[in-house]
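Down below is the structure, laid out as structure tokens.
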Amino acid sequence: MKQLLTYFGLAYLLSWVIWLPLYGPALGLAGLPIVPYHHALGGLGPLLAAFLTTWLYARKEGVRQLLAQCIRVRPLMYLTIALLSPFVLATIAAVMAYYLNGTTIQLSGLLRSKEFPEFNLLTLFVYNLFFFGYGEEVGWRGFALPRLQDRMGTLKASLVLTAFWAFWHLPLFLYRPGYTSMDVAGAVGWVLSLLTGSILLTWLYNSSRGSVLICTVFHSTIDIAFTADMADQHIVSYMGFLITLWGILTMSLSAFRSKTNLMAVAASK
């Protein structure tokens, strides 16, 4: 527990201090220096906290193991799922919006970002992979998840991690477009989307035998799909629905397998 508390405290401290010039004006702290891609730099807080905490408690061997997880490519099946599934879901959502809302299907808009129109798909992927894929997942899934699972099991660990993950975003509600305009219903939906994402990332982490790389790729491609040019309100809603459905199915299957394993163990006694 001491390691987890150290990690969460450092993750909040590092990210919130980096973001301070962005949300400072909302607290009366104006004029602090802001650099290009300042928001993205704050995304590195969980990564830095994970390596600092690992060094404090496990030294070189722990850092070596964490680095190994960050470059673990196999199993390739799960890497493929992480890379392509968000784009498949976005395409299905676009088709749903076409039939249900009359929205024009513009799949070319899936490869462009509203926030960074100057980026091509490769640049956008690398940007998301580094700042928010590795920046977050080395900490949330690479460091915190296995330690939480050791204490409380898979599902409860995903639920607890969602709470810490959601709280980390708190400063964004003071300055980040999309967060500042969020009402109570929107905030509830946002937390539920984090929960679904947490369950799916836990599934990918466990299925890939602890590959942080696969989790970072999924985090990155999900972000790209949700912020794509073509992702209007209807498409985003349908993507959220599809990902939620996927998360529920994953959770149900995990619970069924756990129950089946317990019954098998009981029958063997």
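All of the numbers you see were taken from the coordinates with simple rules; none came from a lab. Computed from a predicted model, the values in this text were never measured in an experiment. Glycine also receives a Cβ, built like all others from the backbone with ideal geometry; neighbour counts cover every protein chain displayed.
Relative to the current alpha-carbon distance between residue 245 and residue 167, full extension at 0.36 nm per residue lengthens the span by 25.7 nm. In terms of Cα atoms, the Rg and Dmax of segment 11-147 work out to 18.9, 57 Å.
State the Cα centre-to-centre distance between segment 141-210 and segment 217-240 in whole Å. Result: 17 Å between the Cα centres. Packing here is the average count of other Cβ atoms within 10 Å per residue, and on that basis the peptides 167-177, 80-90, highest first, run 80-90, 167-177. Dipole size of the chain about its Cα centre, with +1 on Lys/Arg Cβ and -1 on Asp/Glu Cβ: approximately 1180 debye, rounded to the nearest 20. Applying the Karplus relation 6.51 cos²θ - 1.76 cosθ + 1.60 with θ = phi - 60° to segment 91-98 yields 3J(HN,Hα) values of 5, 4, 4, 5, 5, 4, 5, 5 Hz, where x marks Gly and Pro.
The peptide list 225-234, 46-55, put in order of mean Cβ contacts within 10 Å with the highest first, becomes 46-55, 225-234. Paramagnetic label reach from residue 229 (point 7 Å along Cα→Cβ; backbone nitrogen cut-off under 11 Å): within segment 78-109, residues 106-109. Quick one: in the chain, what % of C-alpha pairs are over 23 Å apart? That tail contains 56 percent of the Cα-Cα pairs.
Using 0.36 nm per residue and subtracting the Cα-Cα separation, the extra length available between residue 253 and residue 63 on full extension is 65.1 nm. Mean residue ellipticity at 222 nm, helices only, the chain: -23500 deg cm²/dmol; runs of at least 4 DSSP H residues each add -39,500 (n - 2.57), and the sum is divided by the number of residues. Give the range of the longest stretch in the chain that excludes all GluC sites (Glu not before Pro) found in loop regions by DSSP and having at most 15 other beta-carbon atoms within 10 Å. Looking at the chain, 119-269 is the longest stretch - no exposed GluC sites (Glu not before Pro) with at most 15 other Cβ atoms within 10 Å. A simple spin-label model places the labels of residue 37 and residue 3 3.1 nm from each other, with each point 7 Å out along Cα-to-Cβ.
Classify segment 17-94 from the C-alpha gyration tensor, please: rounded if a/c falls under 1.5, else prolate or oblate depending on whether a/b exceeds b/c. Oblate is the answer for segment 17-94, as a/c is 1.5 or above yet b/c matches or exceeds a/b.
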